[in-house]
Amino acid sequence: MSRAAQRELVEELLDGKHRALARVITKIENRSPGYRDVVSALHEHTGDADVIGITGSPGAGKSTLVDKLARTYRDAGLTVGVIAVDPSSPFTGGAVLGDRIRMASNVGDMEVFFRSMSARGQLGGLSTATADAVKALDAFGKDKVIIETVGAGQNEVDIVRTADTVTVLVQPGSGDDVQMLKAGILEIGDVFVVNKADMPSADRTVAELEEMIHMRNDPTANLDLGHHGFEEPEVAVEDEEEENDRWTPQVVKTVAKDGEGVENLVDVLAEHRNYLEETGRLAAKARMRYAEEIRQLLREDTAQLLEAELDRRGGVESYAAAVYDRETDPYTVADELIEPLADCVEERRD
Amino acid sequence: MSADQEQRAIRCLVAKVGLDGHDRGAHVIARAFRDAGFEVIYSGLHRAPDEIVQAAVQEDVDVLGISILSGAHNTLVPKVIEGLKEYDAFEDTLIIVGGIVPDDDKAKLRELGVAEIFGPGTPMKQTIEFVRENVHERT
């Protein structure tokens with residue numbers, strides 16, 4: 001794609017042309033030549049959207065809730081962008097992206113831009129692609145951007161981390177699920193939603209979640225310290241002020257299919273957003289994200305540089321064979337390959 | 001896999017439009033496309049032409065497969081094509097139709113811009129091959 005065509009695409013996106021937005025996201029997904037320039041050009045127009053991440057186990061009702069959320073925001077006169085990430089087959093790379101089916105409340109409303117993305121077996125690249133797609137929606141002028149993904153592993157955690165507010169969806173009666181969530185996703189949730197709250201076990205799940213949040217805020221609460229208990233270290237006292245304005249995750253009940261509790265959820269999400277703004281954490285979070293983004297890009301770019309060098313020297317297999325034959329070892333190979341790069345960096349340093 | 005290596009996948013929208021509620025064919029083709037390595041977005045049942053257009057534009061699909069078994073293709077397909085044109089999405093989207101379409105209507109649909117019409121009994125392989133060979137190159 002020529003530079004002129006790129007500029008035109010960016011212009012069209014900023015002018016609010018849906019086709020251009022769709023095309024830019026495709027370029028981001030495909031990592032087609034020139035996508036970096038496009039995203040670079042968009043960056044100065046971003047930073048205005050409120051980004052909400054929604055995750056939870058399959059069947060928890062994420063898509064249905066996203067649909068209702070989008071509708072509620074639309075009724076309030078806001079524009080909405082949605083990115084729904086679905087897994088793809090590790091064997092064929094194919095995927096059926098089904099979240100769109102649930103967007104029943106927003107059909108025909110072009111002001112809700114819904115885009116399905118698949119995890120194309122990228123190594124950590126998906127979070128980069130998602131973050132870039134969010135930028136495209138942000139630059140397009142969407143007020144709210146919702147990222148929806150199945151909460152399963154580190155990849156998904158990385159994805160929802162690109163959001164300002166992370167919402168974790170839990171099904172009633174999934175006591176074991178809640179246990180499972182503890183390790184990864186529970187730690188990153190700002191808001192917990194017990195969906196399908198018309199089920200009898202909903203209250204119990206709410207109670208379990210609240211208990212867990214309480215435990216999270218007080219790491220020693222669950223420990224049977226007995227007389228071996230230790231004095232609170234001095235540092236903790238210093239942090240007390242910060243402790244006081246720390247966000248306590250909220251638990252909200254919804255019945256997404258009827259839209260019940262969605263208004264309340266919207267209020268809680270707004271509350272969290274206000275908290276982020278007032279405490280200056282919104283900016284801090286964004287800076288942290290950009291730092292991580294720079295690192296990620298550098299990792300990918302240097303990896304690519306090295307991969308090319310590796311190919312030039314006959315590919316990784318020959319090295320692997322040499323290592324297997326005990327002629328050399330992985331550390332020596334890595335040192336050997338990285339040396340010219342290190343030398344070059346040193347040379348150019350001023 | 002490196003950062004700038006292109007990772008292109010063929011994206012398809014499998015769409016059920018109108019009042020026709022027979023979705024077995026659409027499901028089968030969606031799975032076959034998936035297994036062929038395509039990214040498939042399924043519209044769900046009973047979609048209006050506008051909804052199909054919205055999905056095709058937003059998802060920026062390479063292929064739009066419309067499944068119609070109700071005989072309403074002469075009414076619905078033109079509406080979808082009109083909508084795609086409105087959003088400049090007609091030119092580079094490969095439009096195929098699956099279902100029961102009389103020969104006379106096939107010619108009409110082709111004139112409108114439908115690339116191919118696949119009737120009952122078409123082998124999956126044939127449809128997949130057709131898509132692979134005819135999907136528009138995009139820059």
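The values are calculated or read from the model by the stated rules, or taken from the named source; none is laboratory data. Please read all numbers here as calculations on a predicted model, not as lab measurements. Counting neighbours? That spans all protein chains shown, and the Cβs are built from the backbone with ideal geometry, glycine included. Keep in mind that these areas ignore ligands, DNA and RNA; they rest on the heavy atoms of the full protein, side chains included. Shrake-Rupley method; radii C 1.70, N 1.55, O 1.52, S 1.80 Å.
Observations
- When a 1.4 Å probe is rolled over the protein heavy atoms, the share of accessible surface on the protein assembly as shown that falls to carbon and sulfur comes to 51 percent.
- Taking amide H as placed 1.01 Å from N in the peptide plane, the amide H of residue B:40 sits under 5 Å from that of A:95, A:96, A:97, B:12, each at least 5 places away or on another chain.
- Cα gyration tensor, segment A:1-45 - rounded (a/c under 1.5), prolate or oblate: rounded
- Entry note, chain B: relative contact order of 24 percent, from Cα contacts under 8 Å with a spacing of 6+ residues.
- C-alpha long axis of helix B:124-134 to longest principal axis of chain B, angle in °: 70
- Packing, as the average of other Cβ atoms within 10 Å across residues, places the peptides A:320-330, A:163-173, B:17-27 in the order A:163-173, B:17-27, A:320-330, highest first.
- Within segment A:39-142, chymotrypsin sites (Phe, Trp or Tyr not before Pro) in DSSP loop having at most 15 other beta-carbon neighbours inside 10 Å: A:91
- Inter-label distance, nm, simple model (7 Å from Cα along the C-beta direction), residue A:331/residue A:44: 4.9
- Scalar couplings 3J(HN,Hα) for segment B:53-61, obtained by applying the Karplus form with A = 6.51, B = -1.76, C = 1.60 to θ = phi - 60°, are 4, 4, 5, 5, 5, 5, 7, 6, 7 Hz; x denotes Gly and Pro.
- Per-residue 3J(HN,Hα) values for segment B:33-48, derived from phi via the Karplus relation 6.51 cos²θ - 1.76 cosθ + 1.60 with θ = phi - 60°, read 5, 4, 5, 7, x, 7, 9, 10, 10, 9, 7, x, 7, 6, 8, 7 Hz in sequence order (x marks Gly and Pro).
- Here is the list for segment A:240-299: chymotrypsin sites (Phe, Trp or Tyr not before Pro) lying in DSSP coil, each with at most 15 other C-beta atoms within 10 angstrom of its C-beta, are A:247.
- Distance from the alpha carbon centroid of segment B:10-57 to that of segment A:270-317 works out to 35 angstrom.
- Heavy atoms of chains B and A lose about 3400 Å² of accessible surface on contact, summed over both sides with a 1.4 Å probe.
- Distances between placed amide hydrogens fall under 5 Å for residue A:114 paired with A:82, all partners being 5 or more residues away or on another chain.
- Coil-residue trypsin sites (Lys or Arg not before Pro) of segment B:104-139, DSSP, other Cβ within 10 Å capped at 16: B:138
- Reachable lysines, given that their alpha-carbon falls under 27 Å from the alpha-carbon of residue A:257 and they are not under 8 places away in the same chain: A:62, A:68, A:142, A:144, A:182, A:196, B:16
- Antiparallel bridge percentage (DSSP; both residues within segment A:1-121; nearest 5): 0
- Drop in accessible area of at least 50 Å² in the complex versus isolated chain, residues of segment A:1-37, 1.4 Å probe: A:19, A:23, A:30, A:31
- Whichever aspartates and glutamates have a C-alpha closer than 13 Å to that of residue B:106, once near sequence neighbours (fewer than 8 apart) are set aside: B:116
- Summary value for segment A:1-45: 40 percent relative contact order, contacts being C-alpha pairs under 8 angstrom separated by 6+ residues.
- Shape analysis of segment B:18-139 places it in the rounded category; the axes a ≥ b ≥ c from the Cα gyration tensor give an a/c below 1.5.
- Convex hull (Cα only) mean projected area of the protein assembly as shown, reported in nm² to one decimal: 30.5
- Per-residue mean of C-beta atoms belonging to partner chains within 10 Å, peptide B:56-64: 5
- Rg over Rh for segment A:1-131 works out to 0.97, using Cα positions for both radii and the Kirkwood form for Rh.
- Close amide-amide hydrogen proximity is noted between residue A:145 and A:50, A:51, A:52, A:81, each under 5 Å apart and 5 or more residues distant or on a separate chain (H modeled in the peptide plane; Pro and chain starts excluded).
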